[in-house]
Amino acid sequence: MISFSNTLLRALAVLLLVLGTTAQTAWAQTNADGTPGLPEPQHYTLGGITVSGARYLDTNTLIGLTGLKIGDPINVPGEEIGKAIRRLWEQGILGDVSVSIARTEGSKIYLDFNLKERPRLSKFEFTGNSKSQADDLKNKIKLIRGKVVTDALLNNTRTQVRKFYTNKGYLDAKVTITQTPDSSLSNSVVLNINVDKGSKIRIRSIDFEGNTAFTDRKLKSKFKKTNERKSYKFLNSGKFQKNEYEEDKKKLIEFYNGEGYRDAAVVSDTLVRTADGLALTIKLDEGPKYYFRHITWAGNYLYDNKTLSSVLGIKEGNVYSKETLDKRLNYNPTGQDVTSLYMNDGYLFFQIDPVETKVEGDSIDIEMRISEGVQARIKEINIAGNTKTSDHVLRRELQTLPGDKFNRELLIRSQRQIATLGYFDPEKIGMNPVPNQNDGTVDINYTVVEKPSDQITLSGGWGGYAGFIGTVGLVFNNFSLRKAGNFRNWTPVPAGDGQRLALNVQANGTQYQAYSFSFTEPWLGGRKPNSLSVSLNRSIQRVGTNFDAKNDQSIKVNSATIGLGRRLRVPDDYFTLSNSLSISRYQLNNYPYFQGFNNGNANNITLNTTLSRNSIDNPTYTRRGSSLALSVSLTPPYSVFKGSHPNVNEWIEFHKWMFDASWFTPIVGKLVLNTRAHFGFIGSYNSSRPIGPFERFKLGGSGLGYGGSSNFLVGTEYVGLRGYDDPNTANSIQNPNSSGGVVYNKYVLEMRYPVSLNPAATVYVLGFAEAGNAFEQYTQYNPYKLYRSAGIGARIFMSAFGLLGFDYGYGFDKVDLYTPTQAAQQKGHFHFIIGQQIR
């Protein structure tokens, strides 16, 4: 019996022996020098194939993999057997393959393939590294139990493990894999992956050669991932990662191109191992600095050269920059560009190709070759991904409508409008125009990803006046009153129509209770963005612990508000105007906190008008835009009526003005600067009538409003000022026993950077500087007498619980206390907020 290995020569040699000992006749060729040559091939027909040595693999499948079929002609020796062996070998599931001639019957030959199966993976384990690193590696290498242990699998595992440690700076990491038979399973092995990390190798120096226009320090700053490791550079890891280094080199050349060095290139780069790490040397060829010279236009019929040059905004002598040219031509986030000029007028098929026509010295001439195309009109609007929210809620926010001319500006505006709804992940709102040049139309496909928008509040807190306070709150931001009549829609509540329903209960036994209900319909009637809001509130606070009817010291507040709002189109459609009518009734019984007014009822009828403009791009983490609001609250001027009631508190009167402004400016990448200004003023119609304790301003702390008095029950505006104590505490900016200020102003600078933009938990950190003050009398007002502070903080927005905020602020100014010789010292304060931003 003769064995053919996967080496053809071995097969032929053994075959000669077999043929010599059987009845077959094999004549050897003789070379010219008399030496024996290769035997003459013998021609057979394949009579059958058998497989031996296979214990777990299917024999029929293995026979099929050989590619041989019964009845096929076969030569011995010949290439057919060699090809069959290679086919089996290439599967990677066998450790050895050999072929034997089982027998021959005349012209028929019967072959037996003897196989040795590779073992299968039972489990694998790591040694030489930490458990956390082992867990990370398990997710990366993805070894699957039962998989055949091939050479490719072992090599890939070594490569992945080495790459993992190389990315962590362990460039000398060694990986050894040993196989141990698993006694509990047949033909199975356990892989032991031993890691010798070695020492972490860091970049200790980065040097540039050939740079004359910019310093090494300037060029190093363009590397975002590849940095030197120095003792004073705490945030630089010094790791060298090939992929990130290649990206950094691209950024370096982009920087040069943006500064006019059009021909800049990296000539060579060298990474050398030194005694203490890696030394990276980069040799540059900066080339000359270029400037724009003549810019001409060709193919433009809709707009003349002068108009296009004005929009482009590049003048002769400006530094040549492809990046600047591309922004001015295609998309300029801070202003108009040439493409927008056309696409905002329906020219979706517009194309522009800037061609360098002449390079002379350091000057470049460019010809703008334009193909204007035809105006496209919108054919269909398709929306996908809104599994919860009804189509009409999204469609009513769109600025792009079927039949309208295509407008890129309105397309971007529609994306912003969808984001401000708060129902979808703002980072995953897609808008894809699908043009059809045959009929000059375009379909627009919007895609959204729903995110949780409802909120539940189950919390407890310790108040200075009432002890433990528990709160239960529910806010349904995407409620549907229309679906409430069908029980099947209560899962758990009917949703999808964009209405807002809020319920809140706060209590501390019988000492303090507060109940509120509000409902908002943002599109009353469903045709125009006219909103209707209704709210009801009831609060009760009792002082002390004796609550019998005779000695009860309490204040009860019942209020109701109805509001109407509408979106304006002048000056632009970012403006909204809202009006509301609020009626409140205060019932005081031996209440000790208001001087001269302890018993009786007070009534407050207020008309509020707010003019606001909101152009922010994302309510959760805003990158650009602004929010402005001017509000006026007016009560009837009772004091000017003849025969007005002598009790000035029975009918509350005031006029109150508030202005809030917030601007968001992107700085670099996701870093955003938020600047804010706030102003408030409350006055009376009659100078002889004092301003009551209602609707005043209190400044300091987190701005949540709590403490020893009940001013929050009477409409007091609590304004945060981080770095100082909260109002109504001993060291607060204002006297805790006062009713509050009649005028205030505040200014804020805040830098924000996102840690996570995941819609389930959006997190960003911030640094702030702010200043403000509130004054109890007009004569005390001084816009330059401000309490200043600075600090750091973080915001966490979780869809189920709303906003959580943490701040640490340090107040720079001493607080004058309420005796001539006392002043509170500057110190740091921690602040915690929930459910609102600090104003």
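Here are some notes:
- Some residue of region 278-301 being assigned to a strand (DSSP E or B), under 21 Å from D326 (Cα atoms) and without any contact (Cβ under 8 Å) to a residue 60 or more places away in the chain: no
- Taking the conditions (1) surrounded by 16 or more Cβ atoms within 10 Å (Cβ to Cβ); (2) farther than 28 Å from V355 by Cα; (3) among the acidic types (D, E) in turn, E244 satisfies each one other than (1).
- Restricting E259, E316 to residues that are in contact (Cβ under 8 Å) with a residue 40 or more places away in the chain, surrounded by fewer than 19 Cβ atoms within 10 Å (Cβ to Cβ) and not hydrophobic (A, V, I, L, M, F, W, C) narrows the list to E259.
- Test: residue in region 341-353 that is part of a helix (DSSP H, G or I) and either out of contact with any strand residue (DSSP E or B) (no Cβ under 9 Å at 6 or more places or on another chain) or surrounded by fewer than 16 Cβ atoms within 10 Å (Cβ to Cβ) (or both): yes
- Of all the criteria given as (1) at pLDDT below 90; (2) in a strand (DSSP E or B), the one not satisfied by V434 is (1).
- Residue check, N192 surrounded by fewer than 17 Cβ atoms within 10 Å (Cβ to Cβ) and over 30 Å from E80 (Cα atoms): yes
- Restricting attention to region 54-64, the residues that are more than 14 Å from L111 (Cβ to Cβ) and in contact (Cβ under 8 Å) with a residue 24 or more places away in the chain total 4.
- Of everything listed in (1) surrounded by 14 or more Cβ atoms within 10 Å (Cβ to Cβ); (2) closer than 30 Å to W89 by Cβ; (3) touching a residue at least 24 places away in the same chain (Cβ under 8 Å); (4) out of contact with any Phe, Trp or Tyr (no Cβ under 7 Å at 6 or more places or on another chain), the single unmet condition for I141 is (3).
- Region 35-61 - residue that is of a type in the set (A, V, I, L, M) and at pLDDT below 80 and, of those, farthest from V149 (Cα to Cα): L38
- Scanning region 188-203 for residues that are more than 22 Å from T157 (Cβ to Cβ) and assigned to a strand (DSSP E or B) turns up just one, I203.
- Lone unmet requirement of (1) in contact with a Lys or Arg (Cβ under 9 Å, 6 or more places away or on another chain); (2) part of a loop (DSSP other than H, G, I, E, B) for I540: (2)
- Within the set E360, E356, E367, the sole residue that is over 30 Å from G625 (Cβ atoms) and without any contact (Cβ under 8 Å) to a residue 60 or more places away in the chain turns out to be E356.
- Residue check: H392 meets all listed conditions (1) in contact (Cβ under 8 Å) with a residue 24 or more places away in the chain; (2) more than 30 Å from K451 (Cα to Cα); (3) assigned to a helix (DSSP H, G or I) but one, namely (2).
- Residues satisfying the stated conditions in region 737-782, i.e. surrounded by 20 or more Cβ atoms within 10 Å (Cβ to Cβ) and not in a strand (DSSP E or B): S739, G740, V742, P759
- Residue list for region 272-311, restricted to those being among the aromatic types (F, W, Y) and either surrounded by fewer than 16 Cβ atoms within 10 Å (Cβ to Cβ) or more than 25 Å from R217 (Cβ to Cβ) (or both): Y291, F292, W297, Y301, Y303
- Of the criteria (1) closer than 30 Å to F479 by Cα; (2) modelled with pLDDT of 95 or more; (3) not acidic (D, E), which one G385 fails: (2)
- Looking across region 213-229, the residues that are under 18 Å from K239 (Cβ atoms) and either touching a residue at least 12 places away in the same chain (Cβ under 8 Å) or not in a loop (DSSP other than H, G, I, E, B) (or both) come down to K220, K222, F223, K224, K225, T226, N227, E228, R229.
- Test: residue in region 147-166 that is of a type in the set (A, V, I, L, M) and at pLDDT 85 or above: yes
The values are calculated or read from the model by the stated rules, or taken from the named source; none is laboratory data. Note that the structure is predicted; figures quoted are calculated from it, not measured. FYI the Cβ positions are ideal-geometry reconstructions off the backbone, even for glycines, and counts take in every protein chain you see.
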